[in-house]
Amino acid sequence: MENVTQAIQGVPLNHYILLCTIIFSIGVIGVLIRRNAIVIFMSVELMLNAVNLLLTAFSVHHNDPSGQVFVFFIMALAAAEVAVGLAIIVMIFRNTNSTDVNILNKLKW
Amino acid sequence: MNALITLSVLAILVLYLGLYKAKNALLPVTLIGLAAALALSILEWNSGAAPIYSGMMLFDNFAVAFTSICIISTMLILLISKDYFEHISEHVAEYYTIILFALIGILVMVSFHNLSMLFIGIEIMSVSLYILAGIRKHDFKSNEAALKYFLMGAFSTGFLLLGIAFLYGASGSFDLTAIKEYVIANPTGISPLFYSGVTLMIIGLSFKIGAAPFHFWTPDVYEGSPTLITAFMSTVVKTAGFAAFLRLFMVCFAPLHDFWMPVLLVISVLTLFIGNVTALYQHSFKRMLAFSSISHAGYMLFAIVALGPLSGNSVFVYASAYSIASIIAFAVLILVKRQTGSDNFESFNGLARKNPFIAFTLTVAMLSLAGIPLTAGFIGKFMMFSTALSEYHIIMVVLAVVNAVIGIFYYLKVIVSMYFKSAERNEVQSSPYFNFVLGFSALLTIIVGVYPGFISNLF
């Protein structure tokens with residue numbers, strides 16, 4: 001266990017930044033190319049979790065706990081958004097029997 | 001900061017009133033509570049504010065001014081909500097409560113002094129608005145607006161958060177003062193992380209205020225949501241978004257003006273053109289107002305592009321003028337739509353003959369939005385352009401004036417159909433509440449337009 005902790009502490013900050021940016025980009029691409037509302041929603045969660053990881057890494061790097069507190073805020077918010085978001089998706093599913101965002105085309109000029 | 005506590009207690013109180021079926025008490029209690037919150041926030045004017053709650057919030061004059069205008073706009077919107085929510089469903093108390101929760105988020109947004117409060121404020125507001133956009137559960141348009149708003153809002157939150165994380169990584173703090181000190185202490189060696197953080201914050205906030213090229217959700221969401229909620233979104237929420245945007249840039253990023261200025265310049269000119277040119281082609285009055293709100297976001301971005309000591313005041317005047325005029329427009333739209341069932345320009349034909357008062361107030365609102373002299377909108381545009389000119393953004397002002405001329409064209413369209421096109425129609429049924437809101441707002445628009453002095457140099 002000691003060795004693992006030491007090995008983790010040896011990971012340079014740049015690697016965390018790179019990893020988080022990659023995860024974040026996967027989330028962004030997912031939002032842009034997927035057509036299912038639930039999958040889009042999951043991609044958004046991926047973006048938020050990439051930020052969580054990055055904040056934790058920075059927090060340890062700066063030796064400052066406020067970054068980790070912020071992570072809790074983000075988690076609490078993500079939970080609130082899940083509640084509202086899933087309610088909206090369920091409401092749409094009841095009316096249209098589908099969660100595909102392509103059917104959302106009633107509002108156009 | 002008593003206003004924030006008052007509003008939080010009020011929201012829960014209203015929820016309990018709904019539980020005990022005190023339907024007639026809902027509106028009076030909400031309005032009295034809002035008036036109390038307004039008074040409490042104005043009492044803190046010039047009180048030499050220091051950051052409170054461990055440096056989380058700062059209730060300075062800037063925050064007091066924007067809190068007040070947001071509370072006043074909310075009161076006007078709630079006054080016209082009489083009998084509106086009852087048509088949607090039984091749960092009227094919940095709607096009032098959610099609007100109040102959104103207002104609490106707005107208060108946090110305009111008085112933040114720590115990036116975590118910016119995030120929490122924006123989210124309290126947004127999550128409430130996702131619900132409000134979809135309150136017509138069986139109306140497909142409302143469903144679509146709610147889902148679009150929700151997905152786009154959550155998406156933009158991601159960018160905002162990554163921006164905050166990068167700023168934290170570079171400066172080691174979420175506190176606005178600490179970030180500013182970091183920028184000033186390292187004039188040359190600012191980490192590239194910080195620059196990417198600033199860019200991501202611009203993207204995230206542009207989504208929230210609906211500036212091009214991140215505006216595409218705005219027209220759909222504004223059109224699909226219930227009209228009263230659209231009025232709330234396009235006035236109070238937009239004002240708060242700009243206040244937060246301006247506060248962040250004024251406090252933190254002012255020394256990096258050369259870096260972000262070109263980006264915002266392009267965004268603001270693009271917003272103006274997209275908003276105005278697309279608004280020309282609209283047949284629906286509601287959708288036209290949505291595009292006009294995009295173009296007004298472009299004008300308000302001027303104050304941030306030409307950041308200076310006067311920026312706060314010019315955004316305040318512009319946002320107040322715009323909010324009050326929009327409230328009139330949406331109130332008239334609700335009345336007309338209730339009678340004719342349509343929100344096209346044709347449904348306004350011949351309104352002036354049957355309802356001269358309503359037509360007159362709508363004319364004042366349209367002239368104010370177009371920026372004709374002797375209305376508040378002109379004062380707002382004048383202050384915006386003079387801030388930009390003082391920073392020598394001459395081309396930008398020329399482009400903006402071109403846009404103002406395009407704007408006059410589509411705002412006059414509704415005036416023309418009210419006064420010069422005749423149609424067989426019955427008198428639109430108004431109520432004392434509506435008449436009060438329309439008269440008060442029109443009066444305020446003209447008073448500010450004629451005597452701008454008492455609002456134009458507040459801070």
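The values are calculated or read from the model by the stated rules, or taken from the named source; none is laboratory data. Since the model is a prediction, treat every value here as computed from it, not as a measurement. So basically every Cβ, Gly included, is an ideal-geometry build from the backbone, and we count neighbours across all protein chains shown.
Here are a few things to note about the model shown:
- Subset tally (residues that are surrounded by 21 or more Cβ atoms within 10 Å (Cβ to Cβ) and within 20 Å of the chain's Cα centre (by Cα)) for the range B:249-268: 4
- Segments classed as helices (runs of 4 or more DSSP H), wholly inside the range B:276-377, with at least 2 members that are under 14 Å from the mean Cα position of the chain (by Cα): B:285-305, B:311-340
- B:L26 meets all of the listed conditions (1) under 25 Å from B:S314 (Cβ atoms); (2) touching a helix residue (DSSP H, G or I) at 6+ places or on another chain (Cβ under 8 Å) but one, namely (1).
- Look at the range B:311-339: where a residue is over 16 Å from B:S73 (Cα atoms) and a partner is surrounded by 23 or more Cβ atoms within 10 Å (Cβ to Cβ) and polar (S, T, N, Q), sitting 6+ places away or on another chain with Cβ atoms under 6 Å, you get B:S314/B:T387.
- Matching residues, the range A:81-94, being facing another protein chain (nearest Cβ under 9 Å) and surrounded by 14 or more Cβ atoms within 10 Å (Cβ to Cβ): A:E81, A:V84, A:G85, A:A87, A:I88, A:I89, A:M91, A:I92
- For the range B:7-23, the count of residues that are modelled with pLDDT under 90, in a helix (DSSP H, G or I) and out of contact with any Gly (no Cβ under 6 Å at 6 or more places or on another chain) is nonzero.
- Qualifying residue in the range B:47-70 (condition: surrounded by 20 or more Cβ atoms within 10 Å (Cβ to Cβ) and farther than 22 Å from B:N313 by Cβ): no
- Checked against the criterion of being more than 20 Å from the chain's Cα centre (by Cα) and either of a type in the set (K, R) or surrounded by fewer than 20 Cβ atoms within 10 Å (Cβ to Cβ) (or both), the range B:205-218 has no qualifying residue.
- For the range B:74-92, the count of residues that are closer than 28 Å to A:F73 by Cβ and crowded, with 24+ Cβ neighbours inside 10 Å is at least one.
- Tally, over the range B:261-309, of residues that are touching a Ser or Thr at 6+ places or on another chain (Cβ under 8 Å) and over 18 Å from B:L369 (Cα atoms): 6
- Contacts under 9 angstrom Cβ, first residue in the range A:34-63 being more than 7 Å from every other protein chain (Cβ to nearest Cβ), partner basic (K, R), 6 or more apart: A:M42/A:R34; A:S43/A:R34
- Any pair with Cβ under 7 angstrom, 6 or more apart, that starts in the range B:160-179 at a residue that is facing chain A (nearest Cβ under 7 Å) and ends at one that is assigned to a strand (DSSP E or B) and buried (at least 22 other Cβ atoms within 10 Å of the Cβ): B:F174/B:N114
- Inter-residue pairs, beta-carbon under 6 Å, first within 14 Å of chain A (Cβ to nearest Cβ) and free of Cβ contacts under 8 Å to residues at least 60 places away in the same chain and in the range B:268-284, second surrounded by 17 or more Cβ atoms within 10 Å (Cβ to Cβ) and hydrophobic (A, V, I, L, M, F, W, C), 6+ apart: B:T278/B:F291
Matching residues to (1) modelled with pLDDT of 95 or more; (2) buried (at least 24 other Cβ atoms within 10 Å of the Cβ); (3) touching a His at 6+ places or on another chain (Cβ under 6 Å):
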| position | (1), (2), (3) |
| --- | --- |
| B:I122 | yes, yes, no |
| B:M125 | yes, yes, no |
| B:L129 | yes, yes, no |
| B:I135 | no, no, no |
| B:D139 | no, no, no |
| B:N143 | no, yes, no |
| B:L151 | no, no, no |
| B:L162 | yes, yes, no |
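- Every residue from the range A:22-35 that is part of a helix (DSSP H, G or I) and under 25 Å from B:K148 (Cα atoms): A:I23, A:F24, A:S25, A:I26, A:G27, A:V28, A:I29, A:G30, A:V31, A:L32, A:I33
- Search result, residues across the range B:137-149 that are under 22 Å from the mean Cα position of the chain (by Cα), more than 7 Å from chain A (Cβ to nearest Cβ) and of a type outside the set (G, A, S): B:Y149
- Considered as a group, the residues in the range A:64-75 that are part of a helix (DSSP H, G or I) and at the interface with chain B (Cβ under 9 Å from one of its Cβ atoms) include one that is surrounded by the most Cβ atoms within 10 Å (Cβ to Cβ), and that residue is A:F70.
- Residues in the range A:1-57 that are within 29 Å of A:I103 (Cβ to Cβ), within 10 Å of the chain's Cα centre (by Cα) and not hydrophobic (A, V, I, L, M, F, W, C): A:G27, A:S43, A:E45, A:N49.
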